[in-house]
Amino acid sequence: MIGGGFINDMRKTMERNRSLLQRKVALQKKQSVRKRLVILISITLVVSLASWTVINTKLPDPDPILLDQKEYQRHFRSELIVKDSLHSIRIDFYGKHRVCESHLLNDVKHGRSKSYYISGELFREARYVNGLLKEENFFFKSGESVTQRELSNDNLLLKIADRTPNDSLMVTLKYWDGKIIPGTYKEYCLLTGKTFTE
């Protein structure tokens with residue numbers, strides 16, 4: 001029975017090898033599924049990040065206004081009142097009209113800044129800390145605080161909501177650096193449909 005024992009050993013060895021081969025193939029399938037899953041998750045994350053970046057990227061304003069210094073100086077002129085070596089006040093004028101007054105610390109806006117309509121009424125009051133805008137309030141020519149406003153870049157749409165129908169008014173304007181850009185102020189009476197431009 002020498003031959004029978006040898007055949008049994010070969011049969012056991014073949015079954016063991018078949019079992020090992022089946023485990024190895026199953027392990028390779030698991031690893032292949034894991035690799036595919038990692039690749040799929042990576043692609044999903046990259047596509048999501050790219051989509052989020054595209055959606056949240058602000059496109060430049062198609063109607064840029066006063067973006068360069070020459071254009072700015074064409075409309076406004078500034079006077080600087082030096083209080084001491086650190087503090088000063090910058091007053092901006094449009095023609096003879098004072099349109100903005102800003103307190104500066106080391107040549108950076110710091111403290112209260114006030115902007116005015118060309119007709120002289122308070123338009124905007126802001127508070128800066130080391131050049132960063134912390135608080136901002138807008139006012140109608142009547143002195144009422146603006147409760148609703150829509151901002152897109154430096155274009156400002158002012159609306160008043162809680163008024164009687166004969167007082168319903170919408171104001172649109174564009175401003176830059178806290179100052180109303182000349183020729184962009186428009187009042188529109190919602191009841192009569194009349195428009196006033198300053």
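Things to note:
- Converting phi to 3J(HN,Hα) with the Karplus coefficients 6.51, -1.76 and 1.60 and the offset θ = phi - 60°, region 26-39 yields 5, 5, 5, 5, 4, 5, 5, 5, 4, 4, 4, 5, 5, 5 Hz in sequence order, with x at every glycine or proline.
- As a length-normalised measure over Cα pairs under 8 Å and 6 or more apart, the relative contact order of region 100-143 settles at 30 percent.
Every number in this text was worked out from the coordinates using simple rules, so none of it is lab data. The structure presented is a predicted model; accordingly, all values stated were derived computationally and were not measured.
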